[in-house]
Amino acid sequence: MIPAAFAYFRPTNVKEALTLLDQYKDEAKLLAGGHSLIPLMKLRLAQPRYVIDLGRVRELEYIRESGDQVLIGAMTRHVAVETSDLLRQRCPLLAETASVIGDAQVRNMGTIGGSLAHADPAADYPAAILALDAEMRAVSSQGERWIRAEDFFVDMLTTALQPGELLVEIKVPALPPRTGTAYVKVAQKASGFALCGVAVVLTMDQQGVCQHAAVGITGVAPKAYRARAVEQALRGQKLDASVMAAASAKAAEGIDPLEDLHASAEYRAHLARVFCRRALEQAHARI
Amino acid sequence: MTRTTIEVTINGMRYRHEVEPRLLLVHYIRDVVGLTGTHIGCETSLCGACTVLLNGAAVKSCTLFAVQADGAEITTIEGLGEAGQLHPIQEGFWMKHGLQCGYCTPGMILAAYQLLQRYPDPTEAQIRHGIEGNLCRCTGYQHIIEAIRYAAEKLRSQKV
């Protein structure tokens, strides 16, 4: 499996990368960790004439606190997200999600920005990114803009990023008190991709009533989605096993599940309901 | 197509070659440098047979262009030990029957190497999680886990 030939560029900062993007436009592909793009190039499903390798753009590798947010550079490797003390304390959902992506080798190379920009329907991050109401910062030679999680994922392998735009930063909220989170997945055995992955954020008030519930589900539909019906069934309720089970039954409501040789549509919908319940129970137990 | 000059250090030796940007790291290591201990298994980033250490981190060399490794330090299976003086992980695979056909073994050993650096005294769950990216079709993994345990003990006793 040999990729088609291409011309290779290795900018060392965002400005150089944007200049190259402007020059080669949609004939160019950005290479981050390469664990989505290179497999596609080997199958020649992607045959970019120009490859812009972001591997040396060190300014995009960071995890830092800013007020009640945590900012993550787009070139931050999964292993850095997984092992970040800051994220484990302030936003454990993202660290937990990163810890079950692919395998150790994949996590050493893959980047959060590369994964999000690729928007694989079975990637893990989108579930957490949606449940956290994260925001993505995109820059181009024209300026910059923030894109909300729900606007970011447009369709299978399609994001709101425009040609000429580069995803540079992900912003996640530091979680408030009395909040529990969990990411639970069932992986396809060989690839580690999610047949179903559910990310949950639950915040309770002092009386033990659910104030905020956010549920992001990946692997089930052509793009990751928020399970609004589940969230609605939880908000304002005292949560016990039966309330969470009843809410989870709505996890695939209004969804047209994917179907492939690994799982039928019915099975994926079933997984969404079962893993939603497990994720809710786990998040609730962690409050 | 234009070629790019890269410089890498593999097992302590420096190499400098002109390569096509599309050349995969595993093909560079095997066909250009001539170190054939690194195996090509699935070519789809799943099986881990091609695992090498890139600046100390285990990576799948079939899913990396050689140009991305420009300037890097790489360790392949040839860099760990040698005949008569095996690395403790290699010795563990030998002593505990951690291999049968041996095809997955170089990648498995390098994945284990990183695992033991991160967890010098790993639990069974940590070992299983650490070698998730490496497939073995012969052993059923049980002996591999015992081999890694053996190596962990030996490495710890050497440090004392």
Q: Over the alpha-carbon set of the protein assembly as shown, divide Rg by the Kirkwood Rh and report the Rg/Rh ratio to two decimals.
A: 0.98
Q) What net charge do the residues around B:E73 carry, taking every other residue with its C-beta under 13 Å from that of B:E73, with Lys and Arg at +1 and Asp and Glu at -1? A) -1
Q) Mean shadow of chain B, computed from the convex hull of its alpha carbons, in nm²? A) 9.3 nm²
Q. Between A:Q69 and residues 5 or more places away or on another chain, which pairs have amide H atoms under 5 Å apart, with H built 1.01 Å from N, and which residues are they?
A. A:A174
Q) Hey, which lysines would be in cross-link range of A:K250, C-alpha to C-alpha under 22 Å, not counting anything within fewer than 8 residues on its own chain? A) A:K185, A:K223, A:K238
Q: Express in % the proportion of alpha carbon pairs of segment A:58-173 at distances exceeding 20 Å.
A: 34 percent
(Q) Give me the mean projected area, in nm² to one decimal, of the convex hull enclosing the Cα positions of segment B:4-79. (A) 4.2 nm²
(Q) Given bins 5 angstrom wide, list per bin the percent of all Cα-Cα distances in segment A:179-285, short to long. (A) 2, 15, 26, 24, 15, 10, 5, 2, 1, 0
Q: Treat every Asp and Glu Cβ in the protein assembly as shown as -1 and every Lys and Arg Cβ as +1, leave all other atoms uncharged, and give the resulting dipole magnitude about the Cα centre to the nearest 20 debye.
A: 420 debye
Q) Which lysines have a Cα lying under 20 Å from the Cα of A:K189, excluding residues fewer than 8 positions away in the same chain? A) B:K60
Q) In what order do B:I148, A:I255 fall by count of nearby beta-carbon atoms within 10 Å, going from fewest to most? A) A:I255, B:I148
Q) By what distance, in whole Å, do the Cα atoms of segment A:1-91 stretch along each of the three principal axes, largest value first? A) 44, 29, 17
**Q.** Candidates A:A149, A:A233, A:A119: whichever shows maximal mean-square fluctuation once chain A is modelled as a Gaussian network with Cα springs under 10 Å
**A.** A:A233
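Any read-out appearing in this document is the output of simple, stated calculations on the displayed coordinates, not a laboratory observation. Quick caveat, the model's predicted, so the values are computed rather than measured. Neighbour counts are summed over all protein chains in view; Cβ atoms, including those assigned to glycine, are modelled from backbone coordinates with ideal geometry.
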